[in-house]
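Scroll down for the structure; my scribbles are underneath it.
The values are calculated or read from the model by the stated rules, or taken from the named source; none is laboratory data. These figures come from a predicted structure and were not determined experimentally. Positions of Cβ are backbone-derived with ideal geometry, glycine not excepted, and every protein chain shown enters the neighbour counts. The accessibility values were calculated without ligands, DNA or RNA, using every heavy atom of the protein model including side chains. Shrake-Rupley method; radii C 1.70, N 1.55, O 1.52, S 1.80 Å.
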Amino acid sequence: MSLIFTPLGIRGVFGESLTVGDVLKLSNIFGDHLGEGSTVVVGRDTRDSGPAVEKAVVSGLLSAGVHVINLGVAPTPMIEWAVDRLEADGGVIISASHNPPEWNALKLVGERGVLLHPDEMEALKEKFSKGEPKTVPWNKVGSYREVNLVDEYISEIESLVDGDRIRDAGFKVVLDLNGGAGAIVTPYLLHRLGVKVISLNSAPGIFVREMEPRPDTLGDLASTVKAVRADVGFAHDTDADRLTLVTEWGEILTEDITLALVVDYLLQKEGGGSLVVNVASSKMFDDIASSRGATVYRTPVGEAYVAHKMLEVNATVGGEGSCGGVIYPKFHVGRDGPLAAAIILERMSVEGKTLSQLVDELPKYYMRRESIPARVNWDEVSERLIKFAESRGMKVSTLDGVRMDTDDLWALIRPSKTEFKVRFVVEGRDKGEVDGLLDELMKLVMS
Ligand code: MG
């Protein structure tokens, strides 16, 4: 298996498809791309391969003449925020996020801590495949320092929410960190907000459950929330850019609910403006935006597309609905799990409602997400899908894959960007209609 170079980063199994040599070369090329004398912030999650990858990243950057500020173990959102606050030229995030422990990955960010645009990643891929690492002379090697910004990061989140209201509410929260980098931030943030915190799986680097915080992987969290009668359960992935919620009844919510609750609240708090979500996100975002007088923009799937669109339209809030990733540009333009947790608590305290009450108030749709392993000729398949949609009088968009819409029912079919798979999302008001359309589309793709 070879290195996977996607528009969102490079990733692979450490020592197999992702070697220290690859990491050194990519970091060096990224450093050279930013230019001698630039400053780059580096940080990593809690995987066993993290220190080995980190040393290679640092070495690649320093030898390109780039100054390095190393945060060590840090959640992805903290690294992005640090690039912005330290006015650095870029950042290297070492984390395979929700992938299994043997994986690792590099995500590259530019100024303001925003993920590189996929076009810029494409240019780097070209340089990576053709170019060779460059070494500056001995007296031009970059400088190196290690800093700890945990306290500043937590304090800034605290300043963005109504701490007094949250403290007065006296919440009890169960937190499932799964040994990830969130362990150095979220328990302390919640403690400062007067929350009684019960932490599960909090030893960094010990991954107890599957890495992805999904309804089928969070059984322990749900049963603990019920057992200790907590107000809410929070779960992160390994780099804590994501947040999954569990209600006081132990119901594990899908991650688009996290984003919906935060978006609805912030659009109201900020008086509307604009919202950016990807094309695979629920129709409830259109309903929420319209009820808050906001404009919705949709992008291809991928946080980088969402983030760059948010900068372009000066969005109030945005995120990736399918993975609980909330982006609030007032803080920084990247998904932030600890911030999302604080905003959820603020909303519960300000509105005096339980989490399940807030969820009940959201627009209701029935959604199915499926994928089938297949190597398809996408040009042929998309043509078939477009004809099908037009024959049903559905509106077609080809922003990413093929999306077809009526007022109450929509579907998105797209080839995976990283695997030989075709992904389907179908959502509507009526379960029968959703199941029926999904069935028809899967047959059509495979025919
Ligand atoms: Mg992640």
Any aspartates and glutamates with Cα under 15 Å of the LYS140 Cα? List them, leaving off those in the same chain fewer than 8 positions away.
ASP32, GLU36
Using the Karplus equation 6.51 cos²θ - 1.76 cosθ + 1.60 (θ = phi - 60°), what ³J(HN,Hα) coupling, rounded to whole Hz, does each residue of the stretch 164-172 give in order, writing x for Gly and Pro?
5, 5, 5, 4, 4, 6, x, 6, 10
Within 10 Å of each candidate Cβ there may be at most 16 other Cβ atoms; applying that plus a DSSP loop requirement, which chymotrypsin sites (Phe, Trp or Tyr not before Pro) in the stretch 165-249 survive?
TRP249
Show the residues, 5+ positions off or on another chain, whose built amide H is closer than 5 Å to the amide H of VAL317.
SER274, VAL276
Contour minus Cα-Cα span, GLU361 to TYR188, at 0.36 nm per residue, comes to 59.2 nm
The rounded separation in angstrom of the Cα centers of the stretch 380-446 and the stretch 65-143 is 36
Indicate the gyration tensor shape class of the stretch 41-135 (rounded, prolate or oblate), computed on the Cα atoms with a ≥ b ≥ c the square roots of the eigenvalues: a/c under 1.5 is rounded; otherwise a/b larger than b/c is prolate and the rest oblate.
rounded
LYS387: which lysines have alpha carbons under 18 Å from its alpha carbon, excluding same-chain residues fewer than 8 sequence positions away?
LYS395, LYS443
So for each of 266-274, 175-183 I average, over its residues, the number of other beta carbons within 10 Å; can you give me the resulting order with the highest mean first?
175-183, 266-274
Tell me the per residue accessible area of the chain using a 1.4 Å probe; a whole number in Å² is fine.
39
Shape call, the stretch 302-414: gyration tensor on alpha carbons, a/c limit 1.5
prolate
Among LYS130/LYS417; LYS55/LYS130; LYS107/LYS127; LYS269/LYS330; LYS172/LYS364, the pairs whose Cα-Cα distance exceeds 20 Å are LYS130/LYS417; LYS55/LYS130; LYS172/LYS364
Between ALA105 and residues 5 or more places away or on another chain, which pairs have amide H atoms under 5 Å apart, with H built 1.01 Å from N, and which residues are they?
SER95, ALA96
Once R0 is set to 30 Å, what does the formula 1/(1 + (r/R0)^6) return for the Cβ-Cβ distance between ASN139 and THR19, expressed as a FRET efficiency to the nearest 0.05?
0.50
Roughly how far apart, in whole Å, are the Cα centres of the stretch 215-243 and the stretch 320-350?
16
Ordered by residue, what ³J(HN,Hα) values in Hz, to whole numbers, does the stretch 251-261 give under the Karplus form 6.51 cos²θ - 1.76 cosθ + 1.60, where θ = phi - 60° and Gly and Pro are x?
7, 8, 8, 5, 6, 5, 5, 4, 5, 4, 5
Tabulate in residue order the Karplus-calculated ³J(HN,Hα) for the stretch 238-243, using 6.51 cos²θ - 1.76 cosθ + 1.60 with θ = phi - 60°, rounded to whole Hz; enter x for Gly and Pro.
5, 10, 6, 8, 10, 9
When only C-alpha pairs under 8 Å and at least 6 residues apart count, what is the relative contact order of the chain, in percent?
12
Of all the accessible heavy-atom surface of the chain, with the other protein chains kept in place and a 1.4 Å probe, what percent is carbon and sulfur?
49
For labels at SER2 and GLU132 in the simple 7 Å Cα→Cβ model, what's the distance in nm?
2.0
Would you mind telling me the antiparallel percentage of the DSSP bridges in the chain, rounded to 5?
55
Inter-site label distance for HIS117 and LYS421 at 7 Å from Cα along Cβ, in nm:
2.9
Applying 1/(1 + (r/R0)^6) with R0 = 35 Å to the Cβ-Cβ distance of LYS431 and SER290, what FRET efficiency is obtained, to the nearest 0.05?
0.90
Inter-probe distance in nm under a simple model that places probes 7 Å from Cα toward Cβ, at GLU380 and ARG167
6.6
Grab the beta carbon distance between LEU399 and ASP48, set R0 = 41 Å, and tell me the FRET efficiency rounded to 0.05.
0.60
Length gained if LYS353 through GLU156 is fully extended, taking 0.36 nm per residue and subtracting the Cα-Cα distance, is 68.4 nm
Compute the convex hull volume of the Cα atoms of the chain, divide it by the residue count, and report the result per residue in Å³ as a whole number.
132
Take every Cα pair under 8 Å in the stretch 306-447 that's 6+ residues apart, average their separations, divide by the length, and report that relative contact order as a whole percent.
18
